[in-house]
Amino acid sequence: QKIFLGTKQIFLFSSLNSLFYKLFFKKIFIIPYKQTKFVISSSKNIIKKKNNKQFSVLFIGQLIHRKNPFLLIDACNSLKFDINLTLLGTGPLQKKIFKYLKRIKKSKFLQLNFLENIENDKIPLFISSFDVIVLPSKFDGFGFVVSEAINANTYVIASSNVGATDLIIQGKNGSIFNNNSLSELKNQLNLHYLRLKKFYL
């Protein structure tokens, strides 16, 4: 960008990559995503009453190593309450996931669903039907799905390497776990489940 485009200033939606850009550019501007102020001013603890007894978890993204779907599967598979996990997306890992599920000791509590696509105009309503959406990516850019989930009042659990974590207010509209930490992801899922369970009771 600096050499071939002659770029002198960089504007970033997220602070995630700012340290890298500071190595090359003197003028770095962090411009929060336009919905950030709305999110901060209006967010409350997101607790929604569901009609089913299962804890519903959603993953949206390509089934590739960078998106880290195996981490989420392992986390859900190790929890001791009913979980309905839906993976929305396609990719080269789809067949590997099927084979993996046959090899591991399946938890009797986990139900796994695959969806290849959904119409764009139905995504907000679709997201709102889940208790939580998880972004376990090893690395991601801004990730508009975080914004869509927050606007749909669905709790977000995201890896610390997801750019849009700037929108998450810890413990209110979502939570953040350290990148690739299975134990922290399990803990965050368990905590949100207990919050919902307490609310139901």
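The values are calculated or read from the model by the stated rules, or taken from the named source; none is laboratory data. This one's a predicted model, so the numbers in the text were calculated from it and none came from an experiment. Cβ coordinates were reconstructed from backbone atoms using ideal geometry, including for glycine residues, and neighbour counts include every protein chain displayed. Only protein heavy atoms, including side chains, enter the accessible area calculation; ligands, DNA and RNA are left aside. Shrake-Rupley method; radii C 1.70, N 1.55, O 1.52, S 1.80 Å.
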Counting only protein heavy atoms with a 1.4 Å probe and every protein chain in place, the carbon and sulfur fraction of the accessible surface of the range 77-127 in whole percent equals 53
Cα centroid distance between the range 121-151 and the range 171-201, in Å?
16
19 Å reach of a label modelled at Lys138, 7 Å along Cα-to-Cβ, counting backbone N of the range 155-199:
158-164, 177-186
Express in nm, to one decimal, how much length is gained between Phe29 and Leu101 on full extension, taking 0.36 nm for each residue of separation and deducting their alpha carbon distance.
21.4 nm
